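> Quick one: the structure is below, questions incoming.
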Amino acid sequence: CTLDIDRCAISRERPDTGDIRFTHSFAVDAIAGPPTRVVSEHWPWAVAALRQGRNIAFSDLDELPPEAAIDRASWQAMGSRSHVSVPLVIAGELVAMLHLGCFRSGRRWGESLLPRLRRVAEIFAIALTRKQAQEALDRANGFEHVARSTLSALLAAGADAEGGVVEAGLRDLGTLLGVDWVALWERDAQAAEWRSTQQWRAAAGAA
């Protein structure tokens, strides 16, 4: 951060829960980084504005409008003195948010700064979109590799070794997705219920 601010961060909103997760951040010494996750209900006014593509900027908490009372309390609890949030938008879709904050002392945001931050936000949005597309491609390739290798192993294995092959495939899938548990379920037509036929769990304490 070279704008005489204490912390800058990028966050993304999960569409399924509305939670906001900070994916990247930098803070000067003695200033804590942002929480990993925050609840959008604590910033209803700001989140609504960012979803509409509008900037949020205040040099002092008293500049916030009455309808931002909940947001003001949240910023005050964080120790914010001055703040800017800029939406990162691609094709009309909010893909992330750029946040700049001052905690040790307030500062005035010059009229020319926000347009420049908007251009920076556009660059970040493009980079994040490309990264997301690459991650999706990598996941697709990873799925294909797991499926192909598991199928090949099943064809080569004897009947008594099939269980181990399937478990290895579940392990590879769990590793690819970064989860701790993967299960294979089978529907029992007669009982009209589902039952787990095989599963894999990550070892306790595994990275």
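> Open to solvent by 20 Å² or more (accessible area, probe 1.4 Å) and closer than 16 Å to Ser11 by Cα: does that describe Arg72?
no
> Within the set of pairs 6+ apart or on separate chains, which have a first residue in the range 39-51 that is without any contact (Cβ under 8 Å) to a residue 24 or more places away in the chain, a second that is part of a strand (DSSP E or B) and open to solvent by 20 Å² or more (accessible area, probe 1.4 Å), and C-beta atoms under 8 Å apart?
From residues that are without any contact (Cβ under 8 Å) to a residue 24 or more places away in the chain, the pairs are Val39/Asp19.
> From the list Glu111, Glu63, Glu67, Glu144, exactly one residue is more than 23 Å from Phe22 (Cβ to Cβ) and in contact with a Phe, Trp or Tyr (Cβ under 6 Å, 6 or more places away or on another chain). Which is it?
Values: Glu111 fails: in contact with a Phe, Trp or Tyr (Cβ under 6 Å, 6 or more places away or on another chain); Glu63 fails: in contact with a Phe, Trp or Tyr (Cβ under 6 Å, 6 or more places away or on another chain); Glu144 fails: in contact with a Phe, Trp or Tyr (Cβ under 6 Å, 6 or more places away or on another chain).
When all the criteria are applied, what remains is Glu67.
> Sticking with this structure for a sec: Just to be sure, is Ala48 among the small types (Gly, Ala, Ser), outside any strand (DSSP E or B), over 19 Å from Arg118 (Cα atoms) and open to solvent by 20 Å² or more (accessible area, probe 1.4 Å)? Show your work before the answer.
Working: among the small types (Gly, Ala, Ser): yes; outside any strand (DSSP E or B): yes; over 19 Å from Arg118 (Cα atoms): no; open to solvent by 20 Å² or more (accessible area, probe 1.4 Å): yes.
So Ala48 fails the test.
> Condition first: part of a helix (DSSP H, G or I), of a type outside the set (Asp, Glu) and free of Cβ contacts under 8 Å to residues at least 12 places away in the same chain. Now tell me which residues in the range 148-176 satisfy that.
Listed by number, the residues that qualify are Arg148, Leu151, Ser152, Leu155, Ala156, Ala159, Ala161, Gly164, Thr175.
> Quick one: Val182 ticks every box in (1) surrounded by 12 or more Cβ atoms within 10 Å (Cβ to Cβ); (2) part of a helix (DSSP H, G or I); (3) not polar (S, T, N, Q) bar one, so which box is it?
All conditions pass for Val182, except number (2).
> I'd like the full set of residues that are under 19 Å from Ile5 (Cα atoms), open to solvent by less than 40 Å² (accessible area, probe 1.4 Å) and in contact with a strand residue (DSSP E or B) (Cβ under 7 Å, 6 or more places away or on another chain), limited to the range 51-69.
Once the filter is applied, which keeps residues that are under 19 Å from Ile5 (Cα atoms), open to solvent by less than 40 Å² (accessible area, probe 1.4 Å) and in contact with a strand residue (DSSP E or B) (Cβ under 7 Å, 6 or more places away or on another chain), the range 51-69 yields Ile56, Phe58, Ser59.
The values are calculated or read from the model by the stated rules, or taken from the named source; none is laboratory data. Remember, it's a predicted structure, so these values are computed and weren't measured experimentally. FYI the Cβ positions are ideal-geometry reconstructions off the backbone, even for glycines, and counts take in every protein chain you see. All accessible areas refer to the heavy atoms of the entire protein, side chains included, with ligands and DNA or RNA removed. Shrake-Rupley method; radii C 1.70, N 1.55, O 1.52, S 1.80 Å.
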